[in-house]
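The values are calculated or read from the model by the stated rules, or taken from the named source; none is laboratory data. If you're wondering where the values come from, they're calculated on a predicted model, not measured in any experiment. Quick reminder, even Gly has a Cβ in these numbers, built from the backbone with ideal geometry, and neighbours come from all protein chains shown.
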Amino acid sequence: MAEVLTKPIPVKSLGASADRPGAGKPMISSTRIARRVRRLGRQISETYSDIETPLVIVVILKGATVFAADLLRSLSIPAELEFVRASSYHGGTTSSGRLQLAHMVDGTLVGRHVLLVEDIVDSGLTVNVIAKRIKRLGPASLRIAALLDRPARRVVEVKIDFCGFVIPDRFVIGYGLDYAGLYRELPHIYSLT
Ligand code: PRP
């Protein structure tokens, strides 16, 4: 079950991390993230232990890349990588509601078991639109893995099959998550609000 966070600690100094002096306390430390991602990897590997073709990991660019890279290396089953490019924030801290899809997967998904990997499910619009498109491509199954679930801002219902942490209504950065394109490199996750 996903860990539920109730007491976020805001980061005082943007761009701070454990490696940079003046760091605020992270909302989720890299150690905690790593432990949770390893568990998700084990859970996903068990779920797909009987499939006959490699699992297809579809990563939603750009935010999910860091999570996906770690998740992939936590799997004990064969997996292929595909990417989808979607953007809805356009540099702000709330979703614009307008989803731009710039790239869909390269390979065929017909008859394949697909795991859509997202860094955060917020309004749910991004993952919802992409899941609908993928379903039209004829996969054998489609599940969703999300590192973070922020249910306070949900607009459309989303079933997250593998969830890392349920977080409160705070804007978060780090571990792939950005603000205006920055802070993706931070190893921990910080609350910006
Ligand atoms: C962010 C995030 C998710 C999406 C979640 O992407 O990475 O993909 O928004 O929001 P939603 O549930 O309200 O749709 P963004 O559009 O900022 O692009 P990025 O991944 O390149 O940062």
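Contact map, segment 42-67: residues that are closer than 15 Å to Val121 by Cα paired with residues that are aromatic (Phe, Trp, Tyr), Cβ distance under 6 Å, separation 6+ or inter-chain. Pairs shown: Val59/Phe83; Leu61/Phe83. The residues on offer are Ala86, Ala68, and the sole one that is modelled with pLDDT of 95 or more and either over 13 Å from the mean Cα position of the chain (by Cα) or of a type in the set (A, V, I, L, M, F, W, C) (or both) is Ala68.
What residue, among those in segment 29-67 that are of a type outside the set (Ser, Thr, Tyr), surrounded by 16 or more Cβ atoms within 10 Å (Cβ to Cβ) and away from the ligand (no atom under 16 Å from the Cβ), is nearest to Val172 (Cα to Cα)? Ranking the candidates gives Arg32 first. The residue list Ile57, Ile51 contains one member that is at pLDDT 75 or above, of a type outside the set (Gly, Ala, Ser) and in a loop (DSSP other than H, G, I, E, B), which is Ile51. Among the residues that make up segment 144-167, is at least one of them closer than 14 Å to Met27 by Cβ and surrounded by fewer than 20 Cβ atoms within 10 Å (Cβ to Cβ)? The answer is yes; a qualifying residue exists. Filtering Ser123, Ser191 for residues that are among the polar types (S, T, N, Q) and over 24 Å from Glu82 (Cα atoms) leaves a single hit, Ser191. What residue, among those in segment 107-142 that are more than 16 Å from the ligand (Cβ to nearest atom) and among the β-branched types (Val, Ile, Thr), is farthest from Lys62 (Cα to Cα)? Out of the qualifying residues, it is Val110.
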